[in-house]
Amino acid sequence: MLAKVNSLTIWGIEGYPVAVEVDISFGMPGVSIVGLPDQAVRESRDRIKPAIKNSGFEFPSNSKMVINLAPADRKKEGSYFDLPIAVGILAAQGVIPLDRLSEFSLVGELALDGTLRPVNGVLPIAMKLSELKSRKKILLPAGNALEASIIKGIEVYPVSSLSECTAFLTGKQEIKPTVSDVDKLFKSRRKYSLDFKEVKGQAYAKRAIEVAVAGAHNIIMIGSPGAGKTMLASRIPSILPTLTLPESLEITRIHSVAGILKEGIVTERPFRSPHHTVSDVALIGGGNIPKPGEVSLSHNGVLFLDELPEFHRDVLEVLRQPLEDGKVSIARAKGRLTFPSRFLLVGSMNPCPCGWYGDSTHPCHCTLAQILKYRRKISGPLLDRIDIHIEVPSLPAGVLLKEREEEPSEVIRQRVEAARQIQQKRFEGTGIFFNGHMT
């Protein structure tokens, strides 16, 4: 008997529909999965068999089973198809009515005991489902329900196990769709735990950062160890303009695909600080089926590269296109993908290899040749894309110990938002948003 189950998966940061066809017939016993499955999909047959048995159903071990994932010319990866394949097997045996199946799309990973585990990328899957003319209902793991319910126009049914899913599809159990108030969820955003009022002194650096954020200018801070470069950079998200709902959904979609989404929706601007040993693929994105890299994970936020000259030169060079275009285009044999990457680049570096060149408290032991070699690790074309270069001097103990009230991030952010509103009026209808984006 043949059963067809509707499902979806992701390609890049976009969802696309997949039809899971299960055919059970007489012949040499075995399970064959076709349709360009990757290793994770092929391994699903070893998860599904015990999951079906441990859920109290019979697995047709003595029959020939062919599972097709259509369209067959696009590679499939991940554990998205565990639930639809298992349900397809039960439907092919007559356990689940086929007409009931046609109303739903199914996504989810199965554990050996039949329980469902959450999967990555549910938000773009829900977005794609909302675009389809029919099939606006989806069955997925309970852990993904809140994330999927953010998208309006679809019905999200959370299930915790294969047996619960089967009981619902056969009409033996009722499950209410998950409903979330997106506006309320978004407005209950957390406040940043870091604040500029915690930074003593460095008024010059604070002013430069404010100007950089207001005009969306990339910035690099040069100073000795302990001057406060990292402390300043980590507080930049607290003075960025308030995150809007469309921006939040765009960030959430990227983080969902990357598997780093902690809540149903992102309510804070991202701050990414990769280690200097990061590879070019991890920074820019890529892979057999490309995934977003750090430049996309920091979209609408801050990408902080600490100790900039310590990064491999070829890794830094891949930043040229996203800094220029605000997006990353990755070409593969199976297609071309584009990830958004409009971020504020913040870099920091020492003035020399030992870090004390020009410092009044520590002598520098570097030769001129060593200093020049160290600074040449960053290419001219990359430095051209960093608009503001400032020195951040180390402060004497007297300044740090002095009791004084520093300006909080909230006050600075209000000035930044006012400056950005002026720029939005200035560039209205031009496709440019801020000064830093001008050609």
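The values are calculated or read from the model by the stated rules, or taken from the named source; none is laboratory data. Owing to the predicted nature of the structure, the values given are computational and were not obtained by experimental measurement. As a convention, Cβ positions derive from the backbone with ideal geometry for all residues, glycine included, and neighbour counts pool all protein chains shown. Remember, those area values only see protein heavy atoms, side chains included, never the ligands or the DNA or RNA. Shrake-Rupley method; radii C 1.70, N 1.55, O 1.52, S 1.80 Å.
The table that follows gives values for the structure above.
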read-out	value
Cα gyration tensor shape for the stretch 85-156, rounded if a/c is under 1.5, else prolate or oblate	oblate
At R0 = 25 Å, FRET efficiency that the Cβ-Cβ distance of K373 and L395 yields, to 0.05	0.30
The chain: angle of helix 44-54 to the longest principal axis, Cα-based, in degrees nearest 10	60 degrees
Cα-based equivalent ellipsoid, the stretch 232-325: semi-axes from gyration tensor eigenvalues, Å	22, 17, 11
Net lengthening on full extension, M28/S134 (0.36 nm per residue, minus Cα-Cα)	34.4 nm
Shape of the stretch 374-439, Cα gyration tensor, a/c cut at 1.5	oblate
Order of exposure, largest accessible area first, which applies to C354, C165 with probe 1.4 Å	C354, C165
Degrees between helix 245-258 axis and first principal axis of the chain (Cα, 0 to 90, nearest 10)	70 degrees
Solvent-accessible area of M28 with every protein chain in place, 1.4 Å probe, in Å² to the nearest 10	150 Å²
Extension gain from D314 to R117, taking 0.36 nm per residue of separation minus the Cα-Cα distance	67.1 nm
Estimated FRET transfer efficiency (R332, E405; beta-carbon r; R0 60 Å; 0.05)	0.65
Largest-first ordering by accessible area, 1.4 Å probe, given options T252, T178	T178, T252
Computed E for D99/A282 - FRET, C-beta separation, R0 56 angstrom, nearest 0.05	0.75
Residues whose placed amide H lies under 5 Å from that of G15, excluding near-sequence neighbours	K128
Listed pairs K327/K373; K184/K262; K229/K402 exceeding 22 Å between Cα atoms	K327/K373
Accessible area in square angstrom per residue, the chain, 1.4 angstrom probe	47 Å²
Cα shape, the stretch 313-406, gyration tensor, a/c 1.5 rule	oblate
All aspartates and glutamates inside 19 Å of K49 as judged from Cα atoms, apart from same-chain residues fewer than 8 positions distant	E21, D23, D38, E58, D82, E109, D113, E164
Per-residue [θ]222 nm for the chain (sum of -39500 (n - 2.57) over DSSP H runs n ≥ 4, rounded to 500)	-9000 deg cm²/dmol
Extension gain from H437 to K64, taking 0.36 nm per residue of separation minus the Cα-Cα distance	128.3 nm
Amide H contacts under 5 Å for S341, placed H, 5+ residues apart	K327, V328
Principal axis dimensions, largest first and in whole angstrom, of the chain by Cα	84, 46, 44
Gyration tensor (Cα) of the stretch 129-175, equivalent ellipsoid semi-axes in angstrom	20, 13, 7
Spacing of the two label points (7 Å from each Cα toward its C-beta) at K197 and E263, in nm	2.2 nm
J(HN,Hα) series, the stretch 73-81, from Karplus relation 6.51 cos²θ - 1.76 cosθ + 1.60, nearest Hz, glycine and proline x	9, 10, 5, 10, 9, x, 10, 5, 9
Trypsin sites (Lys or Arg not before Pro) lying in DSSP loop within the stretch 177-218, provided at most 12 other Cβ fall within 10 Å	R190, K191
Note, ³J(HN,Hα) from phi for the stretch 387-402, Karplus 6.51, -1.76, 1.60, rounded to Hz, x at Gly and Pro	6, 10, 10, 10, 9, 10, x, 6, 9, x, 4, x, 5, 5, 8, 5
Fraction of accessible area attributable to carbon and sulfur, the chain (%, probe 1.4 Å)	52 percent
Alpha-carbon Rg/Rh ratio, for the stretch 229-279, with Rh computed the Kirkwood way	1.01
In order through the stretch 353-369: 3J(HN,Hα) via Karplus (6.51 cos²θ - 1.76 cosθ + 1.60), integer Hz, x for Gly, Pro	x, 7, x, 10, 5, x, 7, 7, 9, 10, x, 9, 10, 8, 7, 4, 5
